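Below: one structure, written as structure tokens.
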Amino acid sequence: MFNSMASICESMSDVSIDESQFRKRFEAFNEIGATDAGGVNRPSLSAENKRARDQLVEWFREAGLDVRIDEMGNIFGRREGRHPEADPVLFGSHIDSQYNGGRYDGVIGVLGALEVVEAFTDAEYTTDRPLEIVAWSNEEGVRFQPDMLGSGVYTGVFDLEYAYERADKDGNRFGEELDRIGYRGDHPCEPDDIHCYFELHVEQGPFLEQAEIPIGVVEGVFGFSWLNVTFEGQANHAGPTPMNMRQDAFVATAAVTNAVREITATEGTDLVGTVGSVDVWPNAINVIPEQVEFTLDFRSYDNAVVDAAVERIRNEIEWAADREGLEYEVEEIMRVDADPFDETCIETVARAAEAADYEYTRLVSGAGHDANYLNTVTPTSMIFVPSVDGVSHRESEYTEWEDVVAGTDVLCRAVADRATIGADGE
Ligand SMILES: [Zn+2]
């Protein structure tokens with residue numbers, strides 16, 4: 001497998017991404033649910049998401065792919081290989097968006113995958129293994145929580161029934177909405193035997209752009225801890241109550257928030273920490289805050305660093321409560337270890353970038369992806385391309401088109417590499 005890249009590149013010499021066709025499809029696709037500010041609004045199982053799905057299925061069929069929809073509405077397109085019985089190489093991403101989200105997140109991984117199989121077909125290049133491209137349902141988790149629901153059921157992290165029962169804020173259930181838009185397929189949502197999985201995605205962070213490097217070879221994904229904290233003090237009038245007689249739950253919250261900055265500056269090198277959600281009660285201009293409930297999010301690729309940050313913040317919470325005379329409660333609501341991708345797949349992506357003569361760097365993703373779940377059932381890696389200003393989940397999300405094409409080119413070569421069966425049968 002490792003010595004095969006040169007020979008593949010020779011036989012692949014006619015294979016190239018059709019940039020103008022790709023661009024045309026990308027623009028046409030993003031007219032669906034387009035917003036005035038240049039983004040897209042296609043949340044999971046919305047009318048716009050259905051139209052995007054319909055368009056994708058039409059293009060899959062035009063490309064000669066065998067389309068199947070599974071029970072979670074995950075859309076697969078299969079291109080047969082020379083050995084139809086061999087495990088396929090799977091690659092793709094998602095097409096649901098945030099509310100008023102960006103045009104690149106997920107989309108380039110799915111439309112890029114389609115361009116890869118089109119490039120093989122145009123060059124009359126047949127892979128040994130079958131190829132399957134996929135658009136996972138409900139990656140964003142913005143309308144139905146949790147996120148990555150389609151790949152989560154596929155890999156056995158969630159039950160199908162659990163997924164169907166997820167409701168949006170209006171009480172519409174995932175299973176019913178899937179029926180309503182006609183995408184509850186009958187193919188079982190479970191992993192068939194897969195040789196490996198690749199996902200092309202925008203970085204959603206600033207590193208590649210700042211380093212002026214077009215390709216990120218993704219080694220894995222940060223682990224994280226989520227904490228829920230409650231401070232309980234005493235509400236009182238903001239006027240007559242002297243400063244030395246206050247038990248202000250928000251003052252302690254502010255101290256803990258500042259401590260997050262201190263901890264991230266001194267613990268490890270990649271640690272990030274956020275107070276993202278804060279509920280203040282009674283939340284009135286003339287009343288001392290009696291109760292604050294807030295969340296903490298710590299992430300690093302080093303599990304020990306996350307543990308250390310959690311321990312330090314627990315101390316800070318205790319000290320802040322003591323100083324202010326508060327009751328408090330801390331609950332870790334989620335703890336996920338760092339997720340290293342498969343070393344052979346990481347190597348494949350790096351060699352693909354080298355073969356195509358793109359500068360690349362290895363990096364770790366701060367955000368979770370469908371690839372995390374796939375990594376539990378098959379060897380997996382990802383390809384990142386730069387996000388301008390590190391912005392995503394916003395309408396202004398932008399990636400230079402040449403970088404999108406470069407990432408797709410790397411995906412194409414990585415897929416060709418792993419779809420080749422060597423003398424060792426791998
Ligand atoms: Zn995404």
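For the chain, what is the calculated [θ] at 222 nm in deg cm²/dmol (nearest 500), taking -39500 (n - 2.57) for each run of four or more DSSP H residues and dividing by its residue count?
Computed ellipticity for the chain at 222 nm equals -11000 deg cm²/dmol.
Rounded to the nearest 5, what % of DSSP beta bridges with both residues in the chain are antiparallel?
65
Using R₀ = 51 Å, calculate the FRET efficiency as 1/(1 + (r/R₀)^6) where r is the Cβ-Cβ separation of Ser20 and Ile285; round to 0.05.
With R0 = 51 Å, the Cβ-Cβ based efficiency is 0.30.
State, as an integer percentage, the relative contact order of segment 200-305 based on alpha-carbon contacts under 8 Å between residues 6 or more apart.
37
Using Cα pairs closer than 8 Å and at least 6 residues apart in sequence, work out the relative contact order for segment 68-149, in percent.
43
For the chain, list the DSSP H helices whose alpha carbon atoms reach 30 Å or more along the long axis and whose average Kyte-Doolittle value is -1.0 or above?
Taking the DSSP H segments of the chain (at least 30 Å long, mean hydropathy at least -1.0), we get 303-324.
With a bin width of 10 angstrom, please list the P(r) values of segment 6-150 as percents of all Cα-Cα pairs, from the 0 bin to the one holding the largest distance.
Taking every Cα pair in segment 6-150, the percentages come to 12, 41, 31, 14, 2.
How big is the Cα convex hull of segment 195-249 in projection, averaged over all directions, in nm²?
Averaged projected hull area, Cα only: 8.9 nm².
Pull out the extension gain between Glu85 and Glu165, defined as 0.36 nm times the separation in residues minus the alpha carbon to alpha carbon distance; nm, one decimal.
Extra length available between Glu85 and Glu165 comes to 25.2 nm.
With an 8 Å Cα cut-off and a minimum separation of 6 or more residues, compute the relative contact order for segment 288-426 in percent.
Here the relative contact order equals 21 percent.
Give me the number: length gained by fully extending Thr35 to Glu262, i.e. 0.36 nm times residue separation minus the C-alpha to C-alpha distance, one decimal in nm.
Result: 77.8 nm gained on full extension.
Which stretch or stretches of segment 215-238 have amide N atoms under 19 Å from the point lying 7 Å from Met334's Cα along the Cα→Cβ direction?
Counting only backbone N, you get 220-230.
Using DSSP to define loop residues, name the GluC sites (Glu not before Pro) in segment 174-265 whose beta-carbon has at most 14 other beta-carbon atoms within 10 Å.
Those that pass, being in a loop and sparsely packed, are Glu212.
For a quick protection proxy, order the peptides 57-66, 249-258 by their average other-Cβ count within 10 Å, most packed first.
249-258, 57-66
Expected output is a single nm value to one decimal: the length gained when fully extending between Ala238 and Asn303, i.e. 0.36 nm times separation in residues minus the C-alpha distance. What is it?
Working it through step by step, the gained length comes to 19.1 nm.
For segment 198-207, in order, what is each residue's ³J(HN,Hα) by Karplus, 6.51 cos²θ - 1.76 cosθ + 1.60 with θ = phi - 60°, in whole Hz (x at glycine and Pro)?
These are the phi-based 3J(HN,Hα) values: 10, 9, 8, 8, 6, 5, 6, x, x, 5 Hz.
No lab work stands behind these numbers, since they all come straight from the coordinates. All of these numbers come straight from a predicted model, not from anything done at the bench. So basically every Cβ, Gly included, is an ideal-geometry build from the backbone, and we count neighbours across all protein chains shown.
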